[in-house]
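The values are calculated or read from the model by the stated rules, or taken from the named source; none is laboratory data. All figures in this text were calculated on a predicted structure; none of them were measured in a lab. Heads up, the Cβs are rebuilt from the backbone with ideal geometry, glycines too, and the neighbour counts pull from every protein chain shown. Accessible surface is based on the protein model in full, side chains and every heavy atom, while ligands, DNA and RNA are left aside. Shrake-Rupley method; radii C 1.70, N 1.55, O 1.52, S 1.80 Å.
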Amino acid sequence: MTDAETTALVERTRLSMTLMLIAASREVEAARGSDHRYAETADAIRRIAGTMDQVSDDVLLKLVTVNQLSEGPLSTLIATRLSEVGGALPVYEDAKAFFQSLVEQVDQILRRARRHMH
């Protein structure tokens, strides 16, 4: 893969993650009813999405690699992470902090995939 292709892939991944997070925030808002915690969570998700530029290219390449290795696990990982932290989302200052635990899971997936390939 050329540097230009890698850069384009990273930027598409960054945009995809941003859009995925914004869509999740809208789902949370739609489900919120009158509970203010849902509004705070939706706001936190949008704030996190707005800081995707702080997520390193290396992390984004790991995320896209896992997504390419199998059928769309990245969206599942993100949805699972959002449901795990739920109301605690406001404590995350940025996307880098939010994605840190996902990176640990992605590293495990990549290690297992490498073992199966050899």
List every residue pair whose Cβ atoms sit under 9 Å apart, with the two residues 6 or more apart in sequence or on different chains, where the first one lies in segment 88-117 and is within 17 Å of Leu74 (Cα to Cα) and the second, anywhere, is surrounded by fewer than 18 Cβ atoms within 10 Å (Cβ to Cβ) and small (Gly, Ala, Ser). Ala95/Gly50; Lys96/Ser56; Ile109/Ser70; Ala113/Ser70
Complete set of residues in segment 35-53 that are polar (S, T, N, Q) and surrounded by fewer than 15 Cβ atoms within 10 Å (Cβ to Cβ): none
What is the number of the single condition among (1) surrounded by 15 or more Cβ atoms within 10 Å (Cβ to Cβ); (2) at pLDDT 80 or above; (3) closer than 17 Å to Thr65 by Cα that Ile78 does not meet? (2)
Which number in (1) surrounded by 13 or more Cβ atoms within 10 Å (Cβ to Cβ); (2) more than 23 Å from Arg111 (Cα to Cα); (3) of a type in the set (D, E, K, R) marks the one condition that Lys62 misses? (2)
Arg26, sole failed condition from (1) open to solvent by 50 Å² or more (accessible area, probe 1.4 Å); (2) at pLDDT 85 or above; (3) among the basic types (Lys, Arg): (2)
